[in-house]
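Asker: My structure is below; once you've seen it, I'll send some questions.
The values are calculated or read from the model by the stated rules, or taken from the named source; none is laboratory data. Fair warning: this is a prediction, and the values are worked out from it, not measured in the lab. Neighbour counts are summed over all protein chains in view; Cβ atoms, including those assigned to glycine, are modelled from backbone coordinates with ideal geometry. Each accessible area value is taken on the protein alone, full model and side chains, heavy atoms only, with ligands, DNA and RNA left out. Shrake-Rupley method; radii C 1.70, N 1.55, O 1.52, S 1.80 Å.
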Amino acid sequence: MRTIRPFFWVALFLILTQEALALPVHEPRAEERDTTLVNQFLGLFETQEGADIPEAQRSKRKQVDGLLKALSQRDGKLQFNGVATASVQVEPMTDANYQGVGSFDIFAFTSFGPHTILFFDLEAVGGDGPDQLIPNRSVLNADAGSSQSSEGIDHLVVLEAWAEFRALKDLLTVNVGKIDVTNYFDNNLHANDETSQFLSGAFVNSIALPAPMNSPGLRLRTSLFNRFYIQVGLNRFDNSGNDLMRHHFKIAETGFMLFPGSKWEANFRIYGYEHPAGGNSQGIGFSADELIAGTFTVFGRYAKNERKLAEWFGVERAWSAGIGFKQLVLNREFNVGLAYGDTKLFGDGQRERLAELYLSNQFNQWVYLSPHLQWLDAASPTQDEHVLLGLRINFSY
């Protein structure tokens with residue numbers, strides 16, 4: 001029976017949060033500090049080093065960007081860094097089946113002067129998450145996808161391997177090698193990374209975007225005044241080095257920023273793409289995020305495919321939108337994210353709806369912990385609605 005509604009679960013979650021906030025705050029004496037089980041647990045991660053890192057800079061992609069910008073001062077030296085994530089999800093209203101996912105990335109990088117960078121991302125993933133039990137297109141855990149072989153052997157996968165060249169005082173940037181086009185296209189400042197923001201794939205990139213898996217490709221970007229940019233990308237539609245001059249997934253994007261560095265900063269992006277496996281049929285997409293009075297962030301996406309591409313890919317169009325803000329819970333500051341997405345599949349007007357709520361708390365400069373609440377109304381008429389609880393911990397090293 002399809003009787004559960006996302007608004008009920010979101011309202012219940014927020015009501016419980018507000019009740020916790022409404023409790024009178026007792027300022028403990030020195031001898032009373034850290035005596036509760038919660039405070040003792042959270043205290044394990046406390047540190048006096050460093051200030052809070054903004055959520056937008058904690059994502060894996062933003063960490064990589066920051067690392068690469070610092071490389072120009074370390075020419076020829078091979079550096080290592082990385083991120084590790086562990087998550088568990090369960091659907092409590094059914095036979096509780098806890099699905100765990102663990103992943104880690106090792107970033108290796110070096111520079112050859114201020115305008116050339118060489119980068120590698122080695123990744124290992126264990127666990128396929130709840131998507132192996134719940135058929136859907138929205139992806140309930142975008143970090144899942146075990147890299148273990150059919151023989152049970154764990155593999156370290158070369159996720160990315162590319163060189164970056166900059167010219168004309170950084171007005172032109174070129175990336176060539178094995179690349180992930182979603183690192184550059186369909187970005188969104190507050191809904192773009194499964195390791196630090198939303199777990200659901202529908203809020204990492206548009207579900208309607210038929211981006212290929214990481215594969216040999218090329219990306220060129222030019223920017224003006226740090227506010228406007230144009231970029232294009234070409235990727236093999238399969239991870240193959242054969243016949244590199246044909247069968248490309250093509251994508252182009254332009255975007256601009258308003259009020260940079262202010263409490264009303266806004267980013268807008270529009271892109272179009274063409275896929276060879278869909279008969280060179282095309283699609284178009286839009287992504288935006290805006291800061292409101294330095295307190296709230298609203299964000300959204302929309303993408304639509306032509307009929308032939310939708311028939312091949314299975315998705316006609318998709319949109320998502322959400323809000324982010326900070327909230328005190330148990331006297332700790334949490335980043336709160338709430339998003340809703342609607343996907344129209346090809347044929348018969350089937351729709352899939354998804355909502356997610358998460359609270360993310362930074363213990364120190366290395367560790368984030370976030371509980372998640374997800375609601376899925378799958379497109380299949382034979383499926384009931386699903387409600388999942390999840391917990392994710394993220395380490396950077």
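Asker: Taking 0.36 nm per residue of sequence separation and subtracting the Cα-Cα distance, how much length would be gained by fully extending the chain between Leu328 and Ala277, in nm to one decimal?
Answerer: Fully extending the segment from Leu328 to Ala277 adds 13.5 nm.
Asker: Go through Trp375, Trp366 and list them by solvent-accessible area, largest first, probe radius 1.4 Å.
Answerer: The residues order as Trp366, Trp375, largest area first.
Asker: Related question: Which ³J(HN,Hα) values, rounded to whole Hz and listed in residue order, are derived for region 309-323 from phi using the Karplus coefficients 6.51, -1.76 and 1.60 in 6.51 cos²θ - 1.76 cosθ + 1.60 with θ = phi - 60°, glycine and proline given as x?
Answerer: Result, rounded to whole Hz: 5, 5, 5, 6, 7, x, 10, 8, 7, 8, 9, 8, 8, x, 9.
Asker: Mind scanning Lys178/Lys308; Lys308/Lys344; Lys263/Lys344; Lys77/Lys250; Lys263/Lys304 and naming the pairs with a C-alpha gap bigger than 23 Å?
Answerer: Lys178/Lys308; Lys263/Lys344; Lys77/Lys250; Lys263/Lys304, as the Cα separations exceed 23 Å there.
Asker: Here's another thing I want to ask about it. For region 250-292, what is the accessible area per residue in Å², given a 1.4 Å probe and the full set of protein chains?
Answerer: Here the per-residue accessible area is 45 Å².
Asker: Right, here's the next one. For an R0 of 22 angstrom, estimate the FRET efficiency from the Cβ-Cβ distance between Val90 and Gln383 and round to the nearest 0.05.
Answerer: 0.80
Asker: Then there's this: Heavy atoms of the protein only, probe of 1.4 Å, neighbouring chains included. What is the accessible area of Thr382 in Å², nearest 10?
Answerer: Here the accessible area works out near 120 Å².
Asker: Any chance you could check the Cα centroid distance between region 201-232 and region 174-190 for me, in angstrom?
Answerer: Cα centres, region 201-232 to region 174-190: 5 Å.
Asker: Continuing with this model, one more query. Measuring from label point to label point, each 7 Å out along Cα→Cβ, what is the Val157 to Thr116 span in nm?
Answerer: Reported label-point gap for Val157 and Thr116 is 3.1 nm.
Asker: How large is ³J(HN,Hα) for each residue in region 94-110, as worked out from phi by the Karplus curve 6.51 cos²θ - 1.76 cosθ + 1.60 (θ = phi - 60°), to whole Hz, x for Gly and Pro?
Answerer: These are the phi-based 3J(HN,Hα) values: 10, 4, 4, 10, 7, 10, x, 9, x, 8, 8, 10, 10, 9, 10, 8, 8 Hz.
Asker: If you average 1/r over every pair of different alpha-carbon atoms in region 153-216 and take one over that average, what Kirkwood value in Å do you get?
Answerer: 13.8
Asker: Just for the Cα atoms in region 169-320, what are the lengths along the principal axes, largest first, rounded to whole Å?
Answerer: 49, 38, 27
Asker: Kirkwood-based Rg over Rh for region 179-260 (C-alpha set), two decimals?
Answerer: Rg/Rh for region 179-260 comes to 1.01.
Asker: By how many nm would the segment from Phe256 to Ala108 grow when fully extended, if each residue of separation counts as 0.36 nm and the alpha-carbon distance is taken off?
Answerer: Result for the pair: 50.2 nm of gain on full extension.
Asker: What order, most packed first, do the peptides 335-346, 127-138, 251-262, 191-202 have when packing is the mean number of other Cβ atoms within 10 Å of each residue?
Answerer: By packing density, highest mean first, the sequence is 191-202, 335-346, 127-138, 251-262.
Asker: Set the Förster radius R0 to 22 Å, insert the Cβ-Cβ distance between Asn239 and Phe80 as r into 1/(1 + (r/R0)^6), and round the FRET efficiency to 0.05.
Answerer: After rounding, the FRET efficiency stands at 0.35.
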